[in-house]
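S.K.: Got a structure for you, written out below as structure tokens; questions coming shortly.
The values are calculated or read from the model by the stated rules, or taken from the named source; none is laboratory data. Keep in mind that this is a model prediction, so the values were computed, not measured. Note that each Cβ is placed from the backbone with ideal geometry, even for glycine, and that neighbours are counted across all protein chains shown.
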Amino acid sequence: MSGGRAQATAFAPATVANVAVGFDILGFAIDGVGDRVTVKKIPEKTVRITRITGVPGANEIPCDAITNTGGVPLLNMIERCQLGFGFEVTIEKGITLGSGMGGSAASAVGAVVAANALLDQPLSREILLDLALDGEALASGARHADNIAPCLYGGMTLSEVSPVASVIELPFPRDLRVVVVNPGSRLDTKQARGVLKREIELKTHIAQSRRLAMFIAGLCESNYEWIKRGCEDVVIEPQRAHLIPGFAAVKKSALGAGALGCSISGAGPSVFALVQGAKTADTIRDAMIRAFAESGSISAQGWVSEISSRGAIVL
């Protein structure tokens, strides 16, 4: 695999993982926010990350490939594909660090998608998914695809990683909108996973399973009442809510303004809301930002987006 192209840049979108009831298995991509990763061939069979820029704190991300979520997948790509060359990488972070919007996944996916464009024989999305998961495991301590899958495939995804990584692309109503609000604080994914109990009661498992089934059925049938009834997390959200100052008020404000559901985006601290149609989305976003501000998060910012049907792309 020598490849004819010398350099490529990929854009990888931000994502919302878990989607309330689908811990580690559900996720979707959003428009307008993401990372840009540029990959260039070099003769040495190694990975050099030369520059990381973008959002505040981006320069704190390690440039050592073995400790970088974009570098590890590329090191594994070189070994797995027995490439006769390596990669030089620059990353422009557009996703706020520790925001719960899939920043680590975006860097991993952007890296493998850009590098894939340099190969004579491009790899399948399934292999790219598997490689990108190596980066996610580095960031979160767990090999889960709820951010990786929608970032790579786009849309709303249901994913599994055992026995092999695979993705089901779920249908969803085309006028479904999402609001994402980041309070301006940072929450480490490993910390957020660390507060979770290892076991839950049987009745709680049944309640969550019922909601997950109803939520997916609602997506497939474009039934907003089912989506609304299904979008209520009784397992993870109650354990993590205390990590996000003002979360209860933000959720109450979103639901009061007409949201179908509201929960933690990924590991947090960002909060997302699902909305039927675009008409009330701005009102819901503004209400959530106000609630965060009243709780002390004066730098909160929010986005309104469709669920993006497009995943990472080469620019």
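S.K.: For region 17-27, state whether one or more residues are small (Gly, Ala, Ser) and without any contact (Cβ under 8 Å) to a residue 60 or more places away in the chain.
M.R.: Scanning region 17-27, I find no residue that is small (Gly, Ala, Ser) and without any contact (Cβ under 8 Å) to a residue 60 or more places away in the chain, so the answer is no.
S.K.: Could you say which residue among SER253, SER270 is over 24 Å from ASN223 (Cβ atoms), assigned by TED's automatic domain parsing to the domain that holds VAL234 and more than 22 Å from the chain's Cα centre (by Cα)? Explain how you work it out, then say what you get.
M.R.: On the way: SER270 fails: more than 22 Å from the chain's Cα centre (by Cα).
Matching residue, one of SER253, SER270: SER253.
S.K.: Only residues that are within 14 Å of ALA312 (Cα to Cα) and either assigned by TED's automatic domain parsing to the domain that holds THR189 or part of a loop (DSSP other than H, G, I, E, B) (or both): list them for region 142-166, please.
M.R.: ASN147, GLY154, GLY155
S.K.: Also, quick follow-up: Out of everything in region 20-59 that is among the β-branched types (Val, Ile, Thr) and under 30 Å from ILE168 (Cβ atoms), what residue ends up being surrounded by the fewest Cβ atoms within 10 Å (Cβ to Cβ)?
M.R.: ILE25
S.K.: Something else now. Does region 42-66 hold any residues that are closer than 20 Å to GLN82 by Cα and either polar (S, T, N, Q) or out of contact with any Gly (no Cβ under 7 Å at 6 or more places or on another chain) (or both), and which are they?
M.R.: Those that are closer than 20 Å to GLN82 by Cα and either polar (S, T, N, Q) or out of contact with any Gly (no Cβ under 7 Å at 6 or more places or on another chain) (or both): PRO43, THR46, ARG48, ILE66.
S.K.: Still on this structure, please answer the following. Which numbered condition trips up VAL39, out of (1) assigned to a strand (DSSP E or B); (2) within 21 Å of GLU306 (Cβ to Cβ)?
M.R.: (2)
S.K.: Among the residues of region 276-287, is any within 23 Å of GLY32 (Cβ to Cβ), touching a residue at least 60 places away in the same chain (Cβ under 8 Å) and among the polar types (S, T, N, Q)?
M.R.: Of region 276-287, the ones within 23 Å of GLY32 (Cβ to Cβ) are 276-287.
After this cut, where a residue has to be touching a residue at least 60 places away in the same chain (Cβ under 8 Å) as well, the list is 276-278, 281, 284-285.
Imposing the further condition that a residue be among the polar types (S, T, N, Q) reduces the set to 276.
Yes: one or more hits.
S.K.: Continuing with the same structure: Mind checking which residues of region 15-32 are assigned to a strand (DSSP E or B) and out of contact with any Ser or Thr (no Cβ under 8 Å at 6 or more places or on another chain)? Can you show your working first?
M.R.: The first filter runs over region 15-32 and keeps only residues assigned to a strand (DSSP E or B), leaving 15-17, 26-32.
If the condition is that a residue be assigned to a strand (DSSP E or B) and out of contact with any Ser or Thr (no Cβ under 8 Å at 6 or more places or on another chain), then THR15 is the only one that fits.
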